Amino acid sequence: MDALGRGLLKEFPNPGRAGCPGSEVLRRIASHAMPLAEAEKWLDHLTSCSPCYRDFTELQAGYRQRRMQTVLAIAASILIVVGVAGWALFFKQKGSRGVQTAALDLRNRSVPRGGELNPAEQPLEVSREVKHFNVYLPLGSGEGPYELRIAITTGGAIFTTNGVASLKDGVTSIEAVVDLSAASSGRYVLQIRRPNSEWNSYPLLLR
Ligand SMILES: [Zn+2]
């Protein structure tokens, strides 16, 4: 096709431009603006008139360059949008990390027995978005493994995990990763026990 094109550029001189369609027609063919059915009748002329073929190849090169510039401009806008979105997401995550940890302070809570709840006890309040619990155990609690669960008030657990309590600055605490995103908001019971012991229960309000 290249060899054919090079030949076409000079083998059909047409100094008088006899039968030439004019630059507007050539521009529309080169930029694919003319339907093929309409362009068809000019193809014979284009392939047998070197001046028209030269004009056509120049217009086509210009069209391709403009189209490439448009594609590059669109690609650049996409990169900018992606960049800004990523930047916003980064700061959003950075900003909400503090909110995703809940400190549950049981140090001054009365120590309940078994599954019994003290009805006068204010519930602990926790957002369902929370991904991390930091539980401060009642004073005098020992270090070591604990089981932790969140149950509905009639008994069934909706979330269970294990943690190891450690003593730091006179406070025994457990850190646990939690996922409460599937739970509905309402009243629950936070239950904590050492393995094979009885549960200690605390009212919990999921928001
Ligand atoms: Zn021509």
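The values are calculated or read from the model by the stated rules, or taken from the named source; none is laboratory data. The shown structure was predicted, so the numbers you read here are calculated from the model rather than taken from an experiment. With ideal geometry, Cβ positions are generated from the backbone for all residues, glycine too; neighbour counts draw on all protein chains shown. Accessible surface is based on the protein model in full, side chains and every heavy atom, while ligands, DNA and RNA are left aside. Shrake-Rupley method; radii C 1.70, N 1.55, O 1.52, S 1.80 Å.
Residues that are assigned to a strand (DSSP E or B) and under 30 Å from the mean Cα position of the chain (by Cα): does region 120-127 have at least one?
Residues of region 120-127 that are assigned to a strand (DSSP E or B), as a first pass: 124-126.
Narrowing further to those that are under 30 Å from the mean Cα position of the chain (by Cα): 125-126.
Yes, that holds for at least one residue.
Looking for whichever is under 22 Å from residue 120 (Cβ atoms) and of a type in the set (A, V, I, L, M, F, W, C) here; the options are 189, 164, 171, 178. Which one fits? Break it down stepwise before answering.
Details: 164 fails: under 22 Å from residue 120 (Cβ atoms); 171 fails: under 22 Å from residue 120 (Cβ atoms); 178 fails: under 22 Å from residue 120 (Cβ atoms).
The unique qualifying residue is 189.
Return yes when residue 33 is more than 15 Å from the ligand (Cβ to nearest atom), part of a helix (DSSP H, G or I) and either open to solvent by less than 30 Å² (accessible area, probe 1.4 Å) or among the small types (Gly, Ala, Ser) (or both) and no when it is not.
Working: more than 15 Å from the ligand (Cβ to nearest atom): yes; part of a helix (DSSP H, G or I): no; either open to solvent by less than 30 Å² (accessible area, probe 1.4 Å) or among the small types (Gly, Ala, Ser) (or both): yes.
Spelling it out, it is not the case that residue 33 is more than 15 Å from the ligand (Cβ to nearest atom), part of a helix (DSSP H, G or I) and either open to solvent by less than 30 Å² (accessible area, probe 1.4 Å) or among the small types (Gly, Ala, Ser) (or both).
From the list 59, 72, 79, which residue is within 22 Å of residue 5 (Cβ to Cβ) and either more than 16 Å from the ligand (Cβ to nearest atom) or open to solvent by 50 Å² or more (accessible area, probe 1.4 Å) (or both)?
Working: 72 fails: within 22 Å of residue 5 (Cβ to Cβ); 79 fails: within 22 Å of residue 5 (Cβ to Cβ).
Only one candidate qualifies: 59.
Within the set of pairs 6+ apart or on separate chains, which have a first residue in region 103-128 that is open to solvent by less than 70 Å² (accessible area, probe 1.4 Å), a second that is at pLDDT below 65, and C-beta atoms under 6 Å apart?
What qualifies is 118/112.
Please specify each residue of region 40-51 satisfying the condition of being surrounded by fewer than 17 Cβ atoms within 10 Å (Cβ to Cβ) and without any contact (Cβ under 8 Å) to a residue 24 or more places away in the chain.
Within region 40-51, 40, 41, 43, 44 meet the criteria.
Can you find, within region 1-12, the residue that is modelled with the lowest pLDDT among those that are of a type in the set (Gly, Ala, Ser) and open to solvent by less than 60 Å² (accessible area, probe 1.4 Å)?
From region 1-12, those of a type in the set (Gly, Ala, Ser) are 3, 5, 7; that's our starting set.
Those still in the list that are open to solvent by less than 60 Å² (accessible area, probe 1.4 Å) too: 5, 7.
Numbers: 5: 76, 7: 79.
In this case the residue turns out to be 5.
Run residue 54 past the list (1) over 20 Å from residue 4 (Cα atoms); (2) more than 43 Å from the chain's Cα centre (by Cα); (3) more than 9 Å from the ligand (Cβ to nearest atom); (4) surrounded by 12 or more Cβ atoms within 10 Å (Cβ to Cβ) and report the number of the one that doesn't hold.
(1)
Identify all residues within region 36-51 that are assigned to a helix (DSSP H, G or I) and not small (Gly, Ala, Ser); write none if there are none. Quick ask: steps written out before the conclusion?
Filtering region 36-51 down to residues assigned to a helix (DSSP H, G or I) leaves 36-46, 50-51.
Residues satisfying the conditions are 36, 38, 40, 41, 42, 43, 44, 45, 46, 51.
When region 36-45 is examined, which residues are found to be farther than 21 Å from residue 8 by Cα and either within 16 Å of the ligand (Cβ to nearest atom) or charged (D, E, K, R) (or both)?
Residue satisfying the conditions is 38 alone.
Filtering region 13-30 down to residues that are in a loop (DSSP other than H, G, I, E, B) and more than 10 Å from the ligand (Cβ to nearest atom), which residue is most open to solvent (accessible area, probe 1.4 Å)? Reasoning before the result, please.
The initial filter retains those residues of region 13-30 that are in a loop (DSSP other than H, G, I, E, B), namely 13-22.
From what is left, the residues that are more than 10 Å from the ligand (Cβ to nearest atom) are 13, 15.
Working: 13: 99, 15: 126 Å².
It comes out as 15.
Is it the case that some residue within region 164-172 is at pLDDT 85 or above and crowded, with 18+ Cβ neighbours inside 10 Å?
Looking through region 164-172, at least one residue is at pLDDT 85 or above and crowded, with 18+ Cβ neighbours inside 10 Å.
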